Amino acid sequence: MADDLGDEWWESQPPGAASSPEASDGEGGGRDTEVMQQETVPVPASSKKTKQPKECFPIQPKERKDNTTKTRKRRKKKITDVLAKSEPKPGVPEDLQKLMKDYYSSSRSVIELEELNLPGSCFLKANDLTHSLSSYLKEICPKWVKLRRNHSEKKSVLMLIICSSAVRALELIRSVTAFRGDSKVIKLFAKHIKVQEQVKLLEKRVVHLGVGTPGRIKELVKQGGLNLNPLKFLVFDWNWRDQKLRRMMDIPEIRKEVFELLEMGVLSLCKSESLKLGLF
């Protein structure tokens, strides 16, 4: 009876089971339970994930800030810084000739550029930075008194002084007192003065000397209020610098208006040697 029960028990056990009922509750079962518990214990999350943002984010903004500050410093560099370090040099006729070639090179042929070359005889002695305006004009025009006495044409002047602004024109008018004597002087700039008012003044009386900006002078010539044929001297306020250390011809707008004025009869008068150019 005991043998039959023993055989039935062995047959009912699955392959690989313990050799006796007690074996399932023995030490072997306990070890398997411990292994399973160790395998199912959750592993704590790695702390590296929380440390990565702390290591990356502070570095990137610093690099971007450095790049932006470097680019801003480069953009702030202006021509004023360059001019401040350079020594002032007096203007010479070659400077005007070179500016004319550079200005017209993109719109004119080689032959047309050669026609723009002015003869050296049409240029007066340039200022060597030692003269005042009155002393310079006395040197280039010693017969001024005789010229102004013989001048009787209206809507014209004997001498034009071209500068960059109305404020500078007023300074030049005050500084030319020793030279002009009894000469009639007219202000030829746009500030507080209308074109028609200047046209009426030129029509009413004889004027000897005009001081102003190229834009307003060009407009007067265009409207017929100013005739350039009697003009004998055209002086550029060439060497003077403004607060930004720019000369008159360093300003693109002024340079453009000067060359447009030259094309309105000045170049032809220079080639005929009836008009002289001066660089003060």
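The values are calculated or read from the model by the stated rules, or taken from the named source; none is laboratory data. In this text, all values refer to a predicted model and were calculated from it rather than measured experimentally. In this analysis, Cβ positions are derived from the backbone assuming ideal geometry, glycine residues included, and neighbour counts consider all displayed protein chains. Remember, those area values only see protein heavy atoms, side chains included, never the ligands or the DNA or RNA. Shrake-Rupley method; radii C 1.70, N 1.55, O 1.52, S 1.80 Å.
Annotations for the structure displayed:
- Candidate set from the range 151-174 (those that are among the polar types (S, T, N, Q) and open to solvent by 20 Å² or more (accessible area, probe 1.4 Å)); member that is nearest to the chain's Cα centre (by Cα): Ser164
- Matching entry among Ser106, Ser132 (being under 23 Å from Arg247 (Cβ atoms), modelled with pLDDT of 90 or more and of a type in the set (Gly, Ala, Ser)): Ser132
- Any helices (runs of 4 or more DSSP H) falling wholly within the range 147-255 and containing at least 2 residues that are more than 28 Å from Lys101 (Cβ to Cβ) and of a type in the set (Val, Ile, Thr): 166-175, 195-204
- Residue tally, condition under 26 Å from Arg241 (Cβ atoms) and open to solvent by less than 80 Å² (accessible area, probe 1.4 Å), over the range 175-203: 12
- When the criteria are applied in full, Met264 fails the requirement of being touching a residue at least 60 places away in the same chain (Cβ under 8 Å) and in contact with a helix residue (DSSP H, G or I) (Cβ under 7 Å, 6 or more places away or on another chain).
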